[in-house]
Amino acid sequence: MKELAPGVHVLGGTKGGHVRSFLFESNGELTLVDTLFENDGRGVLDALRTLGRKPADLKQIAITHAHRSHLGGLAALKRETGARVLAHEWEADVVSGDRPAQSVGLKPTAPYRTYPFQVGIFLNRPRHRPVPVDESIGDGDALGPLQVLHVPGHSPGHLAFFLPEHRVLVSGDAIATWPRFEGGWPAFTLNPDQHADSLRRMAALDAAVVGVGHGDPITEDASDRLHGLAEQA
């Protein structure tokens, strides 16, 4: 766990393609964005203890999008914390287990280290433990101090979250730094035109820090690097 800004923590290791989740502290309450790959939620629960907090202090769990790497710990964390689960309406029935995530196909596409995850989505394996979504959220909503942005392209209901006070952007899989820096893993971009628009919108925020879905956060020259991605899109 690392603090990216006051009250903003990044969690995660190498599993799930170096997947990351983000913990926000505000007015004594905690909000989690994504839940890591492991199905026991242990990484998040350990982080709460490290911060001197109880599971019940986690009030909200927001999901950027309904891919297994980001949903692994959701069921365990819902059970342990009682937190409300929030997602975009277009992702909600995947989170609840009522339909599989849209397939990304099997054609190998660079970076090839992501190919096992491509096969996993194609086969819908391993499956996450389904959890009903308590509330749908979408563009323009507020989640405590966080602004909610609908940034489709990687998936139809993909969300990002922006903390204006510290100019921290959580981009989900719209941006990756593992295994290389790019506008998400190309094989997983379902709608390139939407994705290009989403990159331009996120770049316009001029974020100082960008927490990505896979890989280490961008903490230096973040705004310039996002503008570069948007120009290439």
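The values are calculated or read from the model by the stated rules, or taken from the named source; none is laboratory data. Computed from a prediction, not measured in an experiment: that's the story for all the values here. Reconstructed Cβ throughout: ideal geometry from the backbone, glycine too, with neighbour counts over all protein chains shown.
Here residue 165 passes the criteria (1) crowded, with 20+ Cβ neighbours inside 10 Å; (2) charged (D, E, K, R); (3) in a loop (DSSP other than H, G, I, E, B) except the one numbered (1). If you scan region 2-42, which residues turn out to be surrounded by fewer than 17 Cβ atoms within 10 Å (Cβ to Cβ), assigned to a loop (DSSP other than H, G, I, E, B) and polar (S, T, N, Q)? Matches in region 2-42: 14, 27. Restricting region 181-207 to residues that are in contact (Cβ under 8 Å) with a residue 60 or more places away in the chain and out of contact with any strand residue (DSSP E or B) (no Cβ under 7 Å at 6 or more places or on another chain) leaves a set whose member that is surrounded by the most Cβ atoms within 10 Å (Cβ to Cβ) is 187. Screening region 69-111 for residues that are among the β-branched types (Val, Ile, Thr) and at pLDDT 95 or above and picking the one that is farthest from the chain's Cα centre (by Cα) gives 81. I'd like to verify a number: residues in region 179-212 that are part of a loop (DSSP other than H, G, I, E, B) and at negative phi, how many? Residues flagged as part of a loop (DSSP other than H, G, I, E, B) and at negative phi within region 179-212 amount to 12.
Any chance you could count how many residues in region 118-145 are hydrophobic (A, V, I, L, M, F, W, C), in contact with a strand residue (DSSP E or B) (Cβ under 9 Å, 6 or more places away or on another chain) and either surrounded by 13 or more Cβ atoms within 10 Å (Cβ to Cβ) or over 23 Å from residue 171 (Cβ atoms) (or both)?
Restricting attention to region 118-145, the residues satisfying the condition of being hydrophobic (A, V, I, L, M, F, W, C) are 119, 121-123, 131, 133, 137, 142-143.
Retained after the next criterion (residues that are in contact with a strand residue (DSSP E or B) (Cβ under 9 Å, 6 or more places away or on another chain)): 131, 133, 137, 142-143.
Remaining after also requiring either surrounded by 13 or more Cβ atoms within 10 Å (Cβ to Cβ) or over 23 Å from residue 171 (Cβ atoms) (or both): 131, 133, 137, 143.
Matching residues across region 118-145 total 4.
Residue count for region 8-45, restricted to those that are in contact (Cβ under 8 Å) with a residue 40 or more places away in the chain and more than 17 Å from residue 86 (Cβ to Cβ): 10. Being crowded, with 17+ Cβ neighbours inside 10 Å, of a type in the set (S, T, N, Q) and either assigned to a loop (DSSP other than H, G, I, E, B) or touching a residue at least 24 places away in the same chain (Cβ under 8 Å) (or both) is a property that residue 171 has.
Take region 125-158 and flag every residue that is assigned to a strand (DSSP E or B), among the small types (Gly, Ala, Ser) and free of Cβ contacts under 8 Å to residues at least 40 places away in the same chain. 142, the sole residue that qualifies. Taken over region 43-67, residues that are touching a Leu at 6+ places or on another chain (Cβ under 9 Å), buried (at least 18 other Cβ atoms within 10 Å of the Cβ) and not in a helix (DSSP H, G or I) amount to 7.
Here is a list: 226, 123. Which entry is farther than 20 Å from residue 34 by Cα and at pLDDT 95 or above? Working first, answer last.
On the way: 123 fails: at pLDDT 95 or above.
Of the residues listed, the single one that is farther than 20 Å from residue 34 by Cα and at pLDDT 95 or above is 226.
Summed over region 105-124, the residues that are closer than 19 Å to residue 214 by Cβ, among the charged types (D, E, K, R) and in a loop (DSSP other than H, G, I, E, B) give a count of 0.
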